[in-house]
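Trainee: This is the structure, below, for whatever I ask next.
Coordinate-derived values only; no laboratory data. Since we're looking at a predicted model, the values are computed, not measured. Don't worry about glycine lacking a Cβ; one is built from the backbone with ideal geometry, like all the others, and counts go over all protein chains shown.
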Amino acid sequence: MNQAYKELQPYLERAMAFRTALILIEWDNETLAPVQAVSYTAKMAGAVSAAYQEMITGSELTTRLEACEQEEGLSEMEAAVIREVREEVDDLSCIPPAEYREYKELVSESGRIWAKAKADRDFLAFAPTLKKIIEFEKKFAAYRAKDGQKLYDVMLDHFEKGFHIEQLDQFFNQLKTELVPFLKQISECGTVIADEFLSGEYPEETQKKLASLTAKYLGFDFSKGVMAESAHPFTTALHNHDVRITTHYTDNISSALFSVIHEAGHAIYELGIADKLTLSFVGQGASMGMHESQSRFFENIVGRNDAFWVPLYERLQELFPEQLGNISREEFVAAINKVQPGRIRTEADELTYSLHVLVRYELEKMLIEEDLEVEKLPEIWADKYEEYLGIRPEHDAEGVLQDIHWAQGAFGYFPSYALGSAFGAQMYAHMKKNMDVEELLKKGELIKIREYLREHIHQYGKLRDSRQLIKDMTGEEFNPNYYVQYLKDKFRTLYQLSN
Ligand code: ZN
């Protein structure tokens, strides 16, 4: 180990301890913490955050970091850690602590204001808070901007490096011009797919059993992970030996099932990170988009694949004989792939999903780069839904208030969902050249698929960014054509379209 790097180590270990503690507090908040704990825990979390910021930006750490930056001959991992720490230092030191604290307080409160406005279906009750958040976001982005960088580009960079407005405009335009007319073609083709049997009396206890069986089947290791319940399913990783997923149970069997498969995909990524990266600044997934590529790969490309259900469907019928006993595997697989333009992103089918993301991308760009008035959001939101998906929300809760992201200040996050789907489709096209994916699914040999992803993506953690990982794996730059082609092939077959 490089000497300068060695001297930085104890400080990074402390920083990771703070970070891990914050993640654990957040996990507890979302799962088991009692309602009345919230405001007390927020204070404690605020103090830990402040201590973390002080440590990261303090001279003890930064002088050692600078020493490392002067070094030549650092290993790949050392260089990557230095790069990540530098980014964190710059991110946190350019913002005046008082403003940072004020912002943190605002976003810790805004979740509740948003939730109430959503429950009351009243966007205007949330609008003043959202305005303040946007002001902070723009101010912070201006502090962080380098060489005349656009503010929205600064925000995008935070979640996905190397994908800026220019590249995303191109990407989303392609989705818009290809998928909007394709969706129309499907809606008008007359093919009817039945899916009523997916909803109804699905006992929660049996759903729970199914959830843990499915997670295990996919390769989720319960000795390094746990599964809990939360309102919105999510994955939290403390490190690659402690990865936690949640799900929720509703009267629709596919909701819990595909939530589990999705979150297990996130978890398998984190669990597959190499041990030498554990508890380091590069011991997490490469980016939000890369994370979504893995979760959506498992959810859609694997989980909604007929071949996946060949060895499993009878077991599913045994768990729910009354509900699915008379439904054939073919009928079940058609139902879980049914295209149904809806108003809610998290319930969207595979084809329409990225159109929901497109709406948010266009609006974020308008809010940040074109100073769109916040009050106008619901109207423009509805117009865009009508244009791309053919439906308008009936009220704010199923429109502009449906996602929590903006209330948390997460501007620039949404595009990763669509990018991840496109990354996954490119990986799938490449994998199929190297292995018979469908045959492996039919034989239940998921381990080979998992190992392949681990070898090319998971093990690297944050050592390489998403563009590099895709290029190294597939031998070419990111190419969204794979995604469009994959969707068209899949849904043309399902809906028996001739061209
Ligand atoms: Zn996800």
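Trainee: Over the range 3-144, what is the relative contact order in percent, taking alpha-carbon pairs closer than 8 angstrom and at least six residues apart?
Mentor: Numbers: 62 pairs, mean separation 35.3, N = 142.
Computed value for the range 3-144: 25 percent relative contact order.
Trainee: Report the number of Lys pairs in the range 121-224 whose alpha-carbons are under 15 Å apart, with separation of 8 or more residues or on distinct chains.
Mentor: Count of close lysine pairs: 9.
Trainee: In nm, to one decimal, how far is the modelled label at Glu196 from the one at Ser39, with both set 7 Å along Cα→Cβ?
Mentor: For the pair Glu196/Ser39, the computed spacing is 4.9 nm.
Trainee: Got the relative contact order for the chain handy, in percent, Cα pairs under 8 Å and 6 or more residues apart? Display every interim value, and only then the final one.
Mentor: On the way: 628 pairs, mean separation 97.2, N = 499.
Reported as a whole number, the value is 19 percent.
Trainee: If you don't mind, another one. With a sphere of radius 14 Å drawn around the Cβ of Arg144, what net charge do the other residues whose Cβ falls strictly inside it have (Lys, Arg +1; Asp, Glu -1)?
Mentor: Values: positive: Arg86, Lys138, Lys139, Lys146, Lys150, Lys161; negative: Glu87, Glu88, Asp90, Asp91, Glu99, Glu137, Asp147, Asp153, Asp157.
Around Arg144, the charge tally is -3.
Trainee: How long are the semi-axes of the ellipsoid equivalent to the range 371-430, from square roots of 5 times the Cα gyration tensor eigenvalues, in whole Å, largest first? Each step should come with its number before you reach the end.
Mentor: Numbers: eigenvalues 143, 51, 21 Å².
Rounded to whole Å, the semi-axes are 27, 16, 10.
Trainee: Still on this model: Check which residues have an amide H placed less than 5 Å from Glu229's amide H, if you skip close sequence neighbours.
Mentor: Thr247
Trainee: Additional query: So what are the range 256-312's ellipsoid semi-axes, whole angstrom, largest first, if each one is the square root of 5 times an eigenvalue of the alpha-carbon gyration tensor? Walk me through the numbers on the way to the answer.
Mentor: Details: eigenvalues 132, 24, 15 Å².
Semi-axis lengths for the range 256-312 are 26, 11, 9 Å.
Trainee: Now for a separate question. I'd like the distance separating the alpha-carbon centroids of the range 415-474 and the range 184-204, in whole Å.
Mentor: When both Cα centres are located, 30 Å separates them.
Trainee: Short version: what are the Cα gyration tensor semi-axes of the range 3-144, square root of 5 times each eigenvalue, largest first, in whole Å?
Mentor: Values: eigenvalues 241, 69, 30 Å².
Gyration-tensor ellipsoid for the range 3-144: 35, 19, 12 Å.
Trainee: May I pose another question? Tell me, what is a quarter of the convex hull surface for the C-alpha atoms of the range 165-494, in nm² with one decimal?
Mentor: Details: hull surface 66.4 nm².
Average of the hull's projected areas for the range 165-494 equals 16.6 nm².
Trainee: Follow-up. How would Thr474, Thr20, Thr177 line up from fewest to most surrounding beta-carbon atoms within 10 angstrom?
Mentor: Placing the least packed residue first, the sequence is Thr177, Thr20, Thr474.
Trainee: Moving on to the next point. Where both partners of a DSSP beta bridge lie in the range 165-494, what percent of those bridges are antiparallel, to the nearest 5?
Mentor: Values: 5 of 10 bridges.
So the antiparallel bridges amount to about 50 percent of the total.
Trainee: Another one. Which order results if Arg101, Arg144, Arg360 are arranged by neighbouring Cβ count within 10 Å, fewest first?
Mentor: Numbers: Arg101 15, Arg144 18, Arg360 22.
Arranged by neighbour count, lowest to highest, Arg101, Arg144, Arg360 become Arg101, Arg144, Arg360.
Trainee: Which order do Ile134, Ile268, Ile344 fall in if you start with the one that has the fewest other Cβ atoms within 10 Å? Mind showing how you got there, number by number?
Mentor: Working: Ile134 19, Ile268 27, Ile344 13.
The most exposed by this proxy come first: Ile344, Ile134, Ile268.
Trainee: Taking the convex hull of the Cα atoms, report for the range 187-278 its projected area averaged over all directions, in nm². Numbers along the way, then the final one.
Mentor: Details: hull surface 31.0 nm².
Average of the hull's projected areas for the range 187-278 equals 7.7 nm².
Trainee: So, one more: Going highest first, how would you order 164-170, 126-132, 79-85 by mean Cβ packing within 10 Å?
Mentor: Numbers: 164-170: 14.9, 126-132: 18.3, 79-85: 20.6.
Packing proxy ranking, top to bottom: 79-85, 126-132, 164-170.
Trainee: What is the magnitude of the charge dipole of the chain about its Cα centre, with +1 placed on the Cβ of each Lys and Arg, -1 on the Cβ of each Asp and Glu, and no other charges, expressed in debye to the nearest 20? List each step's numbers first, then the result.
Mentor: Values: 55 positive and 83 negative charges, 111 e Å.
Using only the charged Cβ atoms, the result is roughly 540 debye.
Trainee: So if I average 1/r over every pair of distinct C-alpha atoms in the range 321-427 and take the inverse, what Kirkwood radius in Å does that give? Please list the in-between numbers first.
Mentor: Details: mean 1/r = 0.0644 Å⁻¹.
Roughly 15.5 Å, rounded to one decimal.
Trainee: Related question: Using the Kirkwood radius over Cα pairs, work out the Stokes-Einstein diffusion coefficient for the range 140-230 at 20 °C and 1.002 mPa s, in µm²/s as a whole number. Don't skip to the answer; put the middle values down first.
Mentor: Values: Rh = 18.8 Å.
Using the Kirkwood radius from Cα pairs, D works out to 114 µm²/s.
Trainee: Quick check on packing: order 284-290, 421-427, 347-353 by the mean number of other C-beta atoms within 10 Å, highest mean leading. Mind dumping the intermediate values first?
Mentor: Numbers: 284-290: 24.3, 421-427: 26.1, 347-353: 19.1.
The packing order, highest mean first, is 421-427, 284-290, 347-353.
Trainee: Using the Cβ atoms and a cut-off under 13 Å, what net charge is assigned to the surroundings of Thr246, where Lys and Arg are +1 and Asp and Glu are -1? Intermediate results must be reported in sequence, preceding the final value.
Mentor: Numbers: positive: Lys208, Arg244; negative: Glu26, Asp28, Glu30, Glu229, Glu263.
Here the charged neighbours net out to -3.
Trainee: In the neighborhood of Ala67, defined by Cβ-to-Cβ distances under 13 Å, what is the net charge if each Lys or Arg adds +1 and each Asp or Glu adds -1?
Mentor: Working: positive: Lys6, Arg64, Arg86; negative: Glu7, Glu60, Glu66, Glu69, Glu71, Glu72, Glu78.
Its environment carries a net charge of -4.
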